[in-house]
Amino acid sequence: MVFTETPVKGAYVIDLEPHTDNRGFFARVFCVRELAINGLKMSIVQTNLSFNRKKGTLRGLHYSVPPAAEAKLVRCIKGGIYDVIVDIRRNSPTFLRQFAIELTAKNRKALYVPEMVAHGFQTLADDVEVYYQMGEFYISEVQRGIRYDDPELNITWPLAVSEISEKDLQLPFLAEYLEEAARAREFHPSFLHDHS
């Protein structure tokens with residue numbers, strides 16, 4: 001596996017190192033030891049699959065907060081996505097920095113998303129499947145998000161949005177997140193710690 005750090009602290013693009021022969025290839029897609037060598041720690045507790053019928057479908061931007069903040073390893077196994085992360089860790093040197101990449105079944109890249117980094121994607125084709133390896137169990141009470149079209153973030157999505165959930169349309173804008181984070185810090189200092 002080849003690890004390339006992104007402009008967001010602690011987030012990495014992971015490429016395969018395939019061993020090829022006349023049958024095709026074999027490649028490692030996850031290794032706790034290799035993650036640790038690159039300063040990452042992740043024990044997978046859940047694996048999720050997202051199926052998306054229509055090109056232009058948008059999911060995000062999602063994250064979760066302590067005590068169940070989750071790191072995730074995201075890869076597209078059918079079709080392609082435009083994958084976006086935003087650093088929302090107040091103590092991070094890359095606070096509010098963004099990174100975007102195309103993850104496709106063809107390029108077989110994965111994106112390691114650290115805890116407290118918001119994540120979303122838009123599908124680039126019909127019938128796209130996205131595979132998530134999660135470092136924490138899903139707990140609905142700690143799930144949060146920021147609007148995909150927040151003008152302060154000014155993310156340039158490649159397509160018009162064809163499908164989005166009502167829940168994602170109700171997510172707060174960045175300014176509301178910052179207000180919530182400031183309030184949470186008064187009671188739960190760990191809320192804003194750098195969890196990378």
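No lab work stands behind these numbers, since they all come straight from the coordinates. All figures in this text were calculated on a predicted structure; none of them were measured in a lab. Positions of Cβ are backbone-derived with ideal geometry, glycine not excepted, and every protein chain shown enters the neighbour counts.
Can you pick out the pairs among Lys9/Lys78; Lys55/Lys167; Lys9/Lys72; Lys106/Lys167; Lys54/Lys106 whose Cα atoms lie more than 26 Å from each other? Result: Lys9/Lys78; Lys106/Lys167 exceed 26 Å.
Our estimate of slack between Ala27 and Glu129, defined as 0.36 nm per intervening residue step minus the Cα-Cα distance, is 34.7 nm. List residues of the range 106-140, by number, whose backbone nitrogen lies under 20 Å from a label position 7 Å along Cα→C-beta of Ala36. Output list for this probe position: 112-115, 134-136. In terms of its Cα atoms, the range 94-193 spans 46, 29, 27 Å along the principal axes, sorted from long to short.
Considering only alpha-carbon pairs that sit under 8 angstrom and 6 or more positions apart, the relative contact order computed for the range 1-79 is 16 percent.
When the chain is treated as a GNM with alpha-carbon contacts under 10 Å, the residue of Thr123, Thr20, Thr57 showing the greatest mean-square fluctuation is Thr20. Helix content alone sets the calculated 222 nm mean residue ellipticity of the chain: runs of n ≥ 4 DSSP H residues at -39500 (n - 2.57) each, divided across all residues, give -3500 deg cm²/dmol. Taking a label point 7 Å from the Cα of Glu102 along the Cα→Cβ vector, which residues of the range 60-81 have an amide N closer than 17 Å to it? Counting only backbone N, you get 75-81.
Working from the Cα coordinates of the chain, the gyration tensor eigenvalues give, after taking √(5λ), semi-axes of 27, 21, 14 Å in decreasing order. As a ratio to 2.2 N^0.38 Å, the alpha-carbon radius of gyration computed for the range 1-107 takes the value 1.18.
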